[in-house]
Structures are given as C-alpha cells and as structure tokens.
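Written below as structure tokens is the structure these notes are about.
The values are calculated or read from the model by the stated rules, or taken from the named source; none is laboratory data. In this text the structure is predicted, and so the values were computed from the model without any measurement. Cβ coordinates were reconstructed from backbone atoms using ideal geometry, including for glycine residues, and neighbour counts include every protein chain displayed. The area values use the complete protein model at the heavy-atom level, side chains included, leaving out ligands, DNA and RNA. Shrake-Rupley method; radii C 1.70, N 1.55, O 1.52, S 1.80 Å.
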Amino acid sequence: MFDDLFNVTSQQMGKFSDTVRDEFGQSIVSDVFEPILQDISGLQQMGELFQTRAAEIDQLTGELQSIGSMAHE
C-alpha cells in the first residue's frame, strides 16, 4: 500500500519538477513533496516492522498453544 503511494507521489513530484521555472515552484518541491515522501518512507518502515512483529507474535502464540495442548494430555 505505502509502496504504491510512494511511487505515485514520486511520479507527481517528477512531473511537477519538470514544469518548475522559479523559486516558488522549487519551494513546493522541497517544502511539500520531499517531506511527504519522507513521511511515506517512515510509514513503509513502520509497516514492515509491524508485519515482522505480528509474525513473531503469531509464532509465539502457536508455540504457547502447543505447550498448553501438551500439558493437558
């Protein structure tokens, strides 16, 4: 999800940058597009970390359930 958003935003920034002819336009690139891309990148990293942690929790839950089943036998 964030990869698509990052790609679309990068493309739009590129299209906009190609038409920039003054400092005001350049300030939009540096003050709007670039911070948005940084934020999206941070969200990508958080999403990856979340997925890793969720997988670890699922694995631990499975192990605990297995131990619980063995204790009841």
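Observations, loosely collected:
- Filtering region 36-51 for residues that are open to solvent by less than 60 Å² (accessible area, probe 1.4 Å) and either over 13 Å from the mean Cα position of the chain (by Cα) or on the phi > 0 side of the Ramachandran plot (or both) leaves an empty set.
- Filter result (assigned to a helix (DSSP H, G or I) and either open to solvent by 100 Å² or more (accessible area, probe 1.4 Å) or of a type in the set (D, E, K, R) (or both)) within region 61-73: GLU63, LEU64, GLN65, ILE67, MET70
- Residue, nearest to GLN51 (Cα to Cα), within region 1-36, restricted to residues that are in contact (Cβ under 8 Å) with a residue 24 or more places away in the chain and of a type in the set (A, V, I, L, M): MET1
- Odd one out for HIS72, checked against (1) farther than 16 Å from PHE2 by Cβ; (2) at pLDDT 95 or above: (2)
- Tallying residues that are among the hydrophobic types (A, V, I, L, M, F, W, C) and touching a Phe, Trp or Tyr at 6+ places or on another chain (Cβ under 6 Å) within region 25-73 yields 2.
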